[in-house]
Amino acid sequence: MIGLKKIWAFRKGKWALGIISFFLVIALFADFIANEKPIYCKYNGEIYFPVLHEYGEGLGLLGNYEFLNNKSWQELQLEEAIFPIIKFSSGNIDQNSSAYSRPSSSFENGFQTKKHWLGSDSIGRDVAAGIVQGTRKTLSIAFFAMLISCLIGFVFGVLSGFFGDRSVRMNLWAFIGLMFFIILIWFQWSYNHWSFGLALIATFVLISAVFFLSPRLGGRQFYLPLDLIIMRMIEVFKSVPALFILLALLAIISKPNIFTLIVIIGILRWSTIARVLRAELLRLKENKFITSAKAIGSTDKQIIVNHLLPNALPSLLTVIAFGFAGTILLEASISFLGIGLSAEEVTWGSILSEARNNFSAWWLAVFPGAAIFLMVVACNYLGDTLNEINLRSN
């Protein structure tokens with residue numbers, strides 16, 4: 001198993017871990033870094049923790065905040081207060097500053113002086129707050145999209161590389177019924193605008209049920225060419241640019257959101273993982289320790305879980321690191337085009353798209369572009385380091 005110490009031993013690995021850790025800290029503590037609410041304050045002799053109240057709201061543990069009466073925190077004369085470094089949230093439209101405020105612009109707001117450290121956009125939203133909050137959204141989308149890609153890629157890679165074309169037998173009529181119901185489910189989804197996730201779940205449940213029941217049905221059986229089918233699917237996914245497929249799917253969905261964007265990106269990124277896992281399993285299953293495991297009566301599940309996947313994991317981690325970088329670029333491209341997320345959602349790509357409206361507002365392109373560049377470079381450095389470790393270990 002590849003540890004952090006092995007990665008840290010390489011120069012690129014140090015840069016990768018440092019940059020990724022930096023952005024992870026920003027994502028985890030985004031509300032404490034950029035927020036119009038104070039972290040701690042004292043008002044009329046009472047102590048409050050407004051940022052924490054966002055997490056503990058409804059639990060009755062962090063005090064009563066009804067005294068605000070629709071007033072903002074900037075309009076209150078607080079006895080004591082500790083504000084975040086950036087005194088804005090990503091969606092906070094500043095009425096006191098002009099549009100396209102330059103970096104380090106200062107102004108009076110209520111009883112305090114506030115500053116746009118990295119400037120503001122066309123409607124007065126703070127760029128620094130957008131980058132901080134966008135870090136959380138971008139990394140969340142990339143993480144969960146890659147998680148879905150890994151799940152799909154692992155399943156298809158195992159089916160293709162381990163079982164192949166001559167291992168799985170199916171009942172002919174069960175297979176025909178499966179295809180009919182899958183087509184019916186997807187037709188109903190496109191016609192009635194079901195949730196994209198529900199259609200996927202229903203399809204997965206049907207496929208699993210048929211695979212489980214088919215050998216017990218008897219009747220006319222045939223070998224299901226899993227390897228052939230999956231490799232043709234991979235070729236189809238590889239032949240069409242992922243961005244085009246993503247745009248087409250988002251155009252079908254009436255109200256896309258973060259969940260649908262994660263699911264669609266996850267579906268588009270599985271093919272490389274499945275292909276690499278297939279190649280690794282084809283190589284590993286010919287080794288003597290697999291033959292020995294079969295000889296002592298190990299089941300297919302035990303061989304896959306205990307022997308094949310652990311040995312194939314180092315190569316997969318390299319692919320996942322590069323895939324994470326590609327996912328960030330894909331999400332930034334979609335946000336740059338203004339598709340997939342609502343206008344209220346601020347991400348690195350959405351801030352970058354604001355630069356198209358005013359080329360003189362260079363900060364709208366430089367700062368979010370630098371964040372995307374650093375994160376992608378860090379993921380690529382991590383992938384290079386993992387690949388180097390694999391080569392040396394072999």
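FYI, it's all coordinate maths here, none of it is from the lab. Computed from a predicted structure; not experimentally measured. Note that we place each Cβ from the backbone using ideal geometry, even for glycine, and neighbour counts take in every protein chain shown.
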Stretchable slack from L24 to S122, in nm (0.36 nm times residue separation minus alpha-carbon distance):
32.5 nm
Using the basic label-point model (7 angstrom from Cα toward the beta carbon), what is the K288 to W362 distance in nanometres?
6.5 nm
Could you work out how much longer the chain between E46 and T299 gets when fully extended? Use 0.36 nm per residue separation minus the Cα distance between them, nm to one decimal.
84.6 nm
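Going down the list K14/K137; K238/K285; K137/K301, which pairs span over 32 Å between their C-alpha atoms? Could you put the intermediate results ahead of the total?
Numbers: K14/K137 25 Å; K238/K285 26 Å; K137/K301 36 Å.
Table pairs above 32 Å Cα-Cα are K137/K301.
Hey, got the dipole for the range 274-394? About the Cα centre, +1 on K and R Cβ, -1 on D and E Cβ, debye to the nearest 20?
Numbers: 9 positive and 9 negative charges, 149 e Å.
Charge dipole, the range 274-394, about its Cα centre: 720 debye, nearest 20.
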Once you put a point 7 Å from the Cα of K5 and another 7 Å from the Cα of E344, both along the Cβ direction, what distance in nm separates them?
4.9 nm
Between A251 and F373, Cβ-based FRET efficiency (R0 35 Å, step 0.05) works out to 0.75
Lys and Arg at +1, Asp and Glu at -1: add these up for the other residues within a Cβ distance under 13 Å of S335 and post the number.
-2
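With Cβ to Cβ distances under 14 Å as the rule, what net charge do the other residues near L17 carry (K, R +1; D, E -1)?
Values: positive: K5, K6, R11, K12, K14; negative: D384.
So the environment of L17 carries a net charge of +4.
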Gain in span if fully extended, S167 to F107, counting 0.36 nm per residue against the direct Cα distance
14.5 nm
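Taking the beta-carbon count within 10 Å as an exposure proxy, list E79, E354, E286, E280 from fewest neighbours to most. Walk me through the numbers on the way to the answer.
Numbers: E79 12, E354 23, E286 9, E280 20.
Final ranking by Cβ density, sparse to dense: E286, E79, E280, E354.
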